[in-house]
Amino acid sequence: MFTRQRKKRSPKKQEDKTLIGIFASYDSITKNDQLARTIENLYEINQERLKNFHFIFTGGTFQRVVLGDDKDKGINPVKAEVVEFLLKNSTRIPTRREGGVTTLANFVVNRQCRIIWPFLDPAEPHWLNQENLALMRLCDVWKVKRLMNSGSVMSWFDSGASRDIKWNQEPVPPVLKFPDGDKLMPEPYKEGAYEYLKLNYKSAQKKPNTIALIAHDDMKTRMIDFAVEYQRELSKFSRILATGTTGRDVTEATGGNLIVTCCQSGPKGGDIQIATEILAGRCDFVIFFVDPLHPHPHAEDIRVVFGACMIQDQVRMFTNEVQAREWIEQEYRAG
């Protein structure tokens, strides 16, 4: 298991601040530079106003824009005094490849983060990644402000930031919340900053033997039938996760014999919540009854679940009814 030695220090006094999620296209020098210069300008205009916010950076953006790890690629990070400021007012979540954008989307679904600065470059393929598209859609679902370029951020800072200082404040450092009420705290990083490493490395509340049940609309009846037929086998799992409608239908159909932890409905971010559980090492099995014949308005969220399973490759995933039935018959009914 990955460990990191850090000097012990007295815990910071907890404050409540408005959270701002920040990330920039990893494949765009221009957008990373624009983000760095924008933050510098805000700092110079009114540092006191800026310190009322707490910034959640995806890991790669933090490395490029704050720490300057990609100087050799032509990206100029923020100035030294701004680095010092950001270290005192930021949390670093995992990189995009480790599920950072999905983690940020989870903060949106849980209504903790209501302002996002996604500096995406439409000329580069990164902005069409499924996790980015899912996050953009969920921002609209949950009425989150998206400030996608320097002009939008500067205008907001001039006319709207003072109002938003008191809007939807959250404890700092931000706590990653799960549908069953569990929480995951970030680790101290340095100079006051916090970080979430690869989420499975730091999850002190791993839930062993957890299964997730997900079904597209036209497949929900089949999922209910599956749960009713195999309720004895499913009851052996310590925890059952499901998106909202599926979870309620399964609980009702089994007469309450299966206790299901319900996430949001799929369109409102339930798939993102399950993907976050997977990334945090809190889900071992996923049964997903996919409807291949009908398009879905939240198709990107569904792909994020697949992506989370690819990152956490110890998770066993079954994407159709035949596969799921064969597995449960062999593993739980054999003999």
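Only residues in region 96-114 that are closer than 16 Å to residue 168 by Cα and touching a residue at least 40 places away in the same chain (Cβ under 8 Å) count as the first member; pair them with residues that are surrounded by fewer than 23 Cβ atoms within 10 Å (Cβ to Cβ) and β-branched (Val, Ile, Thr), Cβ under 6 angstrom, at least 6 apart or cross-chain, and list the lot.
Sorted first by the residue in region 96-114, then by its partner, the pairs are 108/144; 114/144.
Can you tell which of 40, 81 is under 21 Å from residue 157 (Cα atoms) and free of Cβ contacts under 8 Å to residues at least 40 places away in the same chain?
81
Does residue 302 qualify as being farther than 23 Å from residue 101 by Cβ, out of contact with any Lys or Arg (no Cβ under 7 Å at 6 or more places or on another chain), of a type in the set (A, V, I, L, M, F, W, C) and outside any loop (DSSP other than H, G, I, E, B)?
Answer is no for this residue.
Please give the strands (runs of 3 or more DSSP E) falling wholly within region 73-180 in which 2 or more residues are aromatic (Phe, Trp, Tyr) and either farther than 30 Å from residue 260 by Cβ or in contact with a strand residue (DSSP E or B) (Cβ under 7 Å, 6 or more places away or on another chain) (or both).
Output list reads 113-119.
Residue check: is residue 284 crowded, with 20+ Cβ neighbours inside 10 Å and touching a helix residue (DSSP H, G or I) at 6+ places or on another chain (Cβ under 8 Å)?
Criteria not met by residue 284.
If you scan region 61-92, which residues turn out to be among the small types (Gly, Ala, Ser) and buried (at least 23 other Cβ atoms within 10 Å of the Cβ)?
If the condition is that a residue be among the small types (Gly, Ala, Ser) and buried (at least 23 other Cβ atoms within 10 Å of the Cβ), then 90 is the only one that fits.
Pick from 110, 76, 89: which is touching a helix residue (DSSP H, G or I) at 6+ places or on another chain (Cβ under 9 Å) and over 18 Å from residue 19 (Cα atoms)?
76
Which of the residues that make up region 247-281 are outside any loop (DSSP other than H, G, I, E, B), out of contact with any Asp or Glu (no Cβ under 7 Å at 6 or more places or on another chain) and of a type in the set (A, V, I, L, M)?
Within region 247-281, 250, 253, 260, 274, 275, 278, 279 meet the criteria.
Looking at (1) touching a Ser or Thr at 6+ places or on another chain (Cβ under 6 Å); (2) surrounded by fewer than 18 Cβ atoms within 10 Å (Cβ to Cβ); (3) modelled with pLDDT of 95 or more, can you tell me which one residue 153 breaks?
(2)
Is it fair to say residue 214 is outside the structural domain of residue 113 (by TED's automatic domain parsing), part of a strand (DSSP E or B) and within 21 Å of the chain's Cα centre (by Cα)?
It is true that residue 214 is outside the structural domain of residue 113 (by TED's automatic domain parsing), part of a strand (DSSP E or B) and within 21 Å of the chain's Cα centre (by Cα).
The values are calculated or read from the model by the stated rules, or taken from the named source; none is laboratory data. From a predicted model like this one, the values you see are computed outputs, not experimental measurements. Don't worry about glycine lacking a Cβ; one is built from the backbone with ideal geometry, like all the others, and counts go over all protein chains shown.
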